[in-house]
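The structure under discussion appears below in the form of structure tokens.
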Amino acid sequence: MERDTFNEADCSKPEHGEMEQALQGNTFADLGFAKVDLSREQRNGYPEVVYGEGKTAEQIIGIIQAMRKQTVNILCTRLSSDKFKAIKKAVPDAVYYKAARCALINRAEVKQTRSYIAIVTAGTSDIPIAEEAAVTAEAYGNRVARVYDVGVAGIHRLFARLDVIRGAKVVICIAGMEGALASVVGGLIDKPLIAVPTSVGYGTNLKGVTALLTMLNSCASGITVVNIDNGFGAAYSASMINHL
């Protein structure tokens, strides 16, 4: 039996005019200190997200005001409570999630998926990263099941919630220390798993590098690894999978 082969010549390449036409709808607001991407949702399905660290409250307010003209729901991550107090005065409809260090300006109800994302943590100390993932996932219209503090030091706790984890369409597994939980969970499920190493741990955790290397070298199949403490990135990818 002959196999179909990919032939690059069969793929039509866009002409220069077509490329220009495709980019015509891409707009941004130039605030001087930031160029706010106003067409990201049109291209990628999700609007630009405001990363709060390194920005002043005034800069974040300016970005939110530029976005809200055409973006219904706006997510801000890595936001301190002090910055949020200043933002709240200018943006009264902003809601702060303290554990997640996120703010959400929700001006329309987001339809939730029937399938859900399971967010699993090794320890209680990993919950801030898990909550960043949970708030992000929920903001993008995903049901979320939280399964916290089920690390390998007391693995019976994991088995007690295994039915919830297995019922998810995609799993986010968050662990610090040596990061072993991702391999254990990955070997017990038939769904994609996104592993998040955290900086939780003593000296040789190396601020998350040890957990990162453990997860990257996992022998369990179906594991994808994101950056250290990147709950947002894990949830963004999980949301794309859950909406397929």
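Inter-part distance, region 213-230 to region 54-85, computed on C-alpha centroids, equals 31 Å.
In this structure, the pairs whose alpha-carbon distance is over 25 Å, taken from Lys55/Lys88; Lys69/Lys89; Lys83/Lys111; Lys88/Lys169; Lys169/Lys207, are Lys83/Lys111; Lys88/Lys169; Lys169/Lys207.
Work out the FRET efficiency for Ala220 and Arg166 from their Cβ-Cβ distance, taking R0 = 22 Å, and round it to the nearest 0.05.
Details: r = 14 Å, r/R0 = 0.66.
Step by step, r from the Cβ atoms, then E = 0.95.
Listed peptides 204-217, 86-99, 176-189 appear in the order 176-189, 204-217, 86-99 once ranked by packing, highest mean of other Cβ atoms within 10 Å at the front.
Using alpha-carbon pairs under 8 Å, 6+ residues apart, how would you state the relative contact order of region 27-106 in percent?
Working: 117 pairs, mean separation 19.9, N = 80.
Here the relative contact order equals 25 percent.
How about region 199-244: which chymotrypsin sites (Phe, Trp or Tyr not before Pro) there are in a DSSP loop, with at most 16 other Cβ atoms within 10 Å of their Cβ?
Counting only loop positions with at most 16 other Cβ atoms within 10 Å, the chymotrypsin sites (Phe, Trp or Tyr not before Pro) in region 199-244 are Tyr202.
No value in this document is a laboratory result; all are computed from the given coordinates. Being a predicted model, the structure only gives us computed values, none of them experimental. Reconstructed Cβ throughout: ideal geometry from the backbone, glycine too, with neighbour counts over all protein chains shown.
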